[in-house]
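Worksheet for the structure shown next.
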Amino acid sequence: MRRINIGLLGCGTVGRGFVDLLARERERIRGRDGVDIAVRRILVRDADKPRPGINPSLLSTAALDILDDGCDIIVELVGGVHSAGAFVRRALANGKHVVTANKALLADSGRELFASAERNRVRIGFEASVCGGIPIVRALRLGLAGDRIESISGILNGTCNYILTRMEQDDLEFDGALRLAKERGFAEADSALDVGGEDAAQKLRILGELAFGPQHVNMRVHGIGDVTHAEIEQARARRCVVRHVATARQVGGGIEMRVERRELPEFHPLAGIRDENNAVVIRGRAVGELMFQGKGAGSLPTAAAVLSDVIEIAACSTMTP
Ligand code: NAP
Ligand code: HSE
């Protein structure tokens, strides 16, 4: 039985979910995968905040204490580009594997970070960075490796979909629906990234790179920040719903990517995706059309994706016995 020590950076919505889920599943993982995964330290900003279920002796506000000590895998759940980027760069330089849910960081500096991981002979797991609990990264990286992907379309932001659903089903206006999405822990620390469309665009860039490789991207992004209840009612009168849809397709000269609000007929496969759920439709030349759907945001669904990366790295990599 190999012991795998985790340095956890961040104990917010996803970090707490990761600690909870690991506590529930640790014995099962020991039996199934032959690794004993334990959280050794947890980085937070405020060590005095009440955190039910978290052992206070694990908390630290000193990043270097965690990045430079004997952890095998650094799990980055801090979010944002600046501090998180510095933490991940240091972890990789120290020869530690990294698991992250941070699409903003990957969209900003992914190529540099993967090059650093390769130089340092470590891995970066990022399943949780796109579509929360849906294993879409693994599907594209492994399951569809034998096919040529022609297009990707889907709902990639749980906050936007939750807002549009609440406006449609509960007759809320935008601000009230956004407040609920924040309370449920779906929104980014800066919710303008969700409602402005940038979060979905970051995820689309990650999926596009996996599906099509590095190519020139022509991207257009529109959000849902100006959607009104009247617009949703008008769509309903036409037997349609409003959804925030991301698409990527190969065109001559590169990849065309669009993130935009669309009115979809009620019978459209994406029209039935509600609440914080996401969906991705992939068209492959050999497999035809595949659809993946499930929870795209939230504590435990996202933590499940993080833990799957930790297990994959722990079970496949050579680490200290
Ligand atoms: P969150 O609730 O805001 O939690 C962030 C955590 O990081 C908090 O514990 C915070 O400490 C800590 N932190 C932030 N900046 C720090 C710094 N400079 N130094 C030390 N600690 C710092 O965020 P979250 O929703 O869990 O999201 C984390 C990551 O997962 C983000 O990249 C996000 O995009 C991604 N993600 C989130 C979801 C979701 O449903 N929420 C789903 C998929 C992916 P304090 O607790 O002391 O404030
Ligand atoms: N804020 C993101 C969303 C979290 O709502 O989809 C999941 O990546």
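Could you grab the relative contact order for segment 1-131? Cα pairs under 8 Å, six or more apart, rounded to a whole percent.
Averaging sequence separation for qualifying contacts and normalising by length gives 24 percent for segment 1-131.
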Exercise. What longest range of the chain stays clear of loop-exposed GluC sites (Glu not before Pro) (DSSP non-H/G/I/E/B, at most 15 other C-beta within 10 angstrom)?
Worked result: 1-172
Problem set entry | Cα-Cα separations in the chain greater than 32 Å, expressed as whole percent | 29 percent
Exercise. Which values, in whole Å and largest first, are the semi-axes of the equivalent ellipsoid of segment 146-295 obtained as the square root of 5 times each eigenvalue of the Cα gyration tensor?
Worked result: 27, 17, 13
Exercise. Each residue of segment 209-224 in turn: what ³J(HN,Hα) in whole Hz from Karplus with 6.51, -1.76, 1.60 and θ = phi - 60°, glycine and Pro shown as x?
Worked result: 5, 5, 7, 10, x, x, 9, 5, 10, 9, 10, 10, 10, 10, x, 10
Seminar exercise, completed: Note, segment 108-117: 3J(HN,Hα) by Karplus (6.51, -1.76, 1.60, θ = phi - 60°), whole Hz, Gly/Pro = x, goes 7, 9, x, 4, 4, 5, 5, 5, 5, 4
Problem set entry | Integer Hz, Karplus 6.51/-1.76/1.60 couplings in order for segment 85-94, x for Gly and Pro | x, 5, 5, 5, 4, 5, 4, 5, 4, 7
Seminar exercise, completed: Rounded to the nearest whole number, the per residue volume of the convex hull around the C-alpha atoms of segment 1-90 in Å³ is 98 Å³
Exercise. Under 21 Å Cα-Cα from residue 182, which lysines qualify once same-chain neighbours fewer than 8 residues away are excluded?
Worked result: 49, 103, 203, 295
Exercise. Can you list the trypsin sites (Lys or Arg not before Pro) in segment 36-73 that are in a DSSP coil and have 11 or fewer other beta carbons within 10 angstrom?
Worked result: 45
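Using the C-alpha atoms of segment 216-321, what convex hull volume per residue, in cubic angstrom, is computed?
Here the figure is 185 Å³ per residue.
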Problem set entry | Loop trypsin sites (Lys or Arg not before Pro), segment 88-122 (other Cβ atoms within 10 Å of the site Cβ: 11 or fewer; DSSP) | 121
Exercise. When the helices in the chain are scored as -39500 (n - 2.57) per DSSP H run of 4 or longer and the sum is shared across all residues, what 222 nm value do you end up with, to the nearest 500 deg cm²/dmol?
Worked result: -12000 deg cm²/dmol
Problem set entry | Alpha carbon centroid spacing (whole Å) that separates segment 192-225 from segment 95-111 | 16 Å
Seminar exercise, completed: Note on segment 257-309: alpha-carbon gyration tensor, axes a ≥ b ≥ c; rule is a/c under 1.5 for rounded, else prolate if a/b larger than b/c, else oblate; result oblate
For this session: Rounded to the nearest Å, what's the spacing between the alpha carbon centres of segment 142-172 and segment 261-309? Just the number, please.
Result: 5 Å
Problem set entry | In segment 185-246, the trypsin sites (Lys or Arg not before Pro) that fall in loop regions by DSSP, at most 12 other Cβ within 10 Å | 238, 239
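Since every read-out is calculated from the coordinates, none of them should be taken as a lab result. Fair warning: this is a prediction, and the values are worked out from it, not measured in the lab. Note that each Cβ is placed from the backbone with ideal geometry, even for glycine, and that neighbours are counted across all protein chains shown.
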